[in-house]
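Trainee: First, the structure itself, so that you have it in front of you.
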Amino acid sequence: STARNAQGTARDAYRVAAATISVAKTSTLLCDPFNFTTNPKHIPGAIVRWTITISNSATATASAVLTTVGDTLNANTLHDANLVVPTVTVCSSATGTPESAAGRGFQVESSVGGRALGGQGGTGYMTIGADADGATIAGQAVTIDYLTALPAGGAYVAGELKPNESVTVTFNVTVN
């Protein structure tokens with residue numbers, strides 16, 4: 001203190017920032033076995049693509065929050081283990097062409113280009129088995145382990161979403 005009275009003051013401020021996480025699940029009807037990709041209907045044999053998007057819309061990083069997300073598929077659907085791409089003449093998870101490779105039934109995408117994804121050399125596609133890529137399916141229960149699907153690397157810790165980033169997991173089901 002400049003007044004030499006043994007009194008002093010100190011001022012400080014704290015800013016608390018938190019991540020704002022949102023989860024959205026959407027579906028897109030891709031094809032049916034009669035109409036194929038032209039005006040498809042929700043009938044047995046139809047392929048529906050599900051997309052789960054997790055976004056961080058805040059100014060703070062989300063790390064410990066983003067661990068696993070589970071989804072239970074409807075009993076009237078069957079997961080497409082190959083993530084097939086329907087055409088104007090083929091609407092079948094059994095005979096269609098896989099988007100990546102046979103057995104890679106999940107795709108993970110980040111809003112950040114060049115980020116390693118999926119635990120499989122950064123390909124962004126995950127298998128359905130209990131392995132090191134972050135996706136599993138047991139019966140109708142789908143689980144995505146984001147600590148594995150979004151591995152540590154560069155400026156990221158495992159499972160981290162920085163401000164205004166998002167991650168999307170896509171998979172197909174066939175209507176029974």
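The values are calculated or read from the model by the stated rules, or taken from the named source; none is laboratory data. Note that this is a predicted model, so its numbers are computed, not measured. Neighbour counts are summed over all protein chains in view; Cβ atoms, including those assigned to glycine, are modelled from backbone coordinates with ideal geometry. These area figures cover heavy atoms from the full protein model, side chains too; ligands, DNA and RNA do not enter into them. Shrake-Rupley method; radii C 1.70, N 1.55, O 1.52, S 1.80 Å.
Trainee: State yes or no: is residue 51 open to solvent by less than 80 Å² (accessible area, probe 1.4 Å), within 15 Å of residue 175 (Cα to Cα), modelled with pLDDT of 95 or more and out of contact with any Leu (no Cβ under 7 Å at 6 or more places or on another chain)?
Mentor: no
Trainee: Can you pull out every residue in the stretch 154-176 that is open to solvent by less than 40 Å² (accessible area, probe 1.4 Å) and farther than 19 Å from residue 55 by Cβ?
Mentor: Within the stretch 154-176, 172, 173, 174, 175 meet the criteria.
Trainee: Please name all residue pairs, on different chains or six or more residues apart, with Cβ atoms under 7 Å, provided the first residue is in the stretch 68-79 and is farther than 19 Å from residue 23 by Cα and touching a residue at least 24 places away in the same chain (Cβ under 8 Å) and the second residue is open to solvent by 30 Å² or more (accessible area, probe 1.4 Å) and assigned to a loop (DSSP other than H, G, I, E, B).
Mentor: Close Cβ pairs (under 7 Å, with a partner that is open to solvent by 30 Å² or more (accessible area, probe 1.4 Å) and assigned to a loop (DSSP other than H, G, I, E, B)) amount to 75/140; 76/176; 77/176; 78/176; 79/128.
Trainee: Still on this model: So which residues in the stretch 68-98 are of a type in the set (A, V, I, L, M), part of a strand (DSSP E or B) and open to solvent by 30 Å² or more (accessible area, probe 1.4 Å), if there are any at all?
Mentor: Result: 69, 78, 85.
Trainee: While we're looking at this one, here's another question. Test residue 136 against the criterion of being over 27 Å from residue 58 (Cα atoms), surrounded by 13 or more Cβ atoms within 10 Å (Cβ to Cβ) and free of Cβ contacts under 8 Å to residues at least 12 places away in the same chain, and give yes or no.
Mentor: yes
Trainee: Residue 131 fails exactly one of the following numbered conditions: (1) at pLDDT 85 or above; (2) surrounded by fewer than 20 Cβ atoms within 10 Å (Cβ to Cβ). What is the number of that condition?
Mentor: The single condition residue 131 does not satisfy is (1).
Trainee: For the stretch 1-28, enumerate the residues that are over 30 Å from residue 55 (Cα atoms), of a type in the set (Val, Ile, Thr) and at pLDDT 70 or above.
Mentor: The one that is over 30 Å from residue 55 (Cα atoms), of a type in the set (Val, Ile, Thr) and at pLDDT 70 or above: 9.
Trainee: Follow-up question, since we're still on this one. Can you pull out the residues in the stretch 31-64 that are outside any strand (DSSP E or B), touching a strand residue (DSSP E or B) at 6+ places or on another chain (Cβ under 7 Å) and among the aromatic types (Phe, Trp, Tyr)?
Mentor: Answer for the stretch 31-64, where residues must be outside any strand (DSSP E or B), touching a strand residue (DSSP E or B) at 6+ places or on another chain (Cβ under 7 Å) and among the aromatic types (Phe, Trp, Tyr): there is none.
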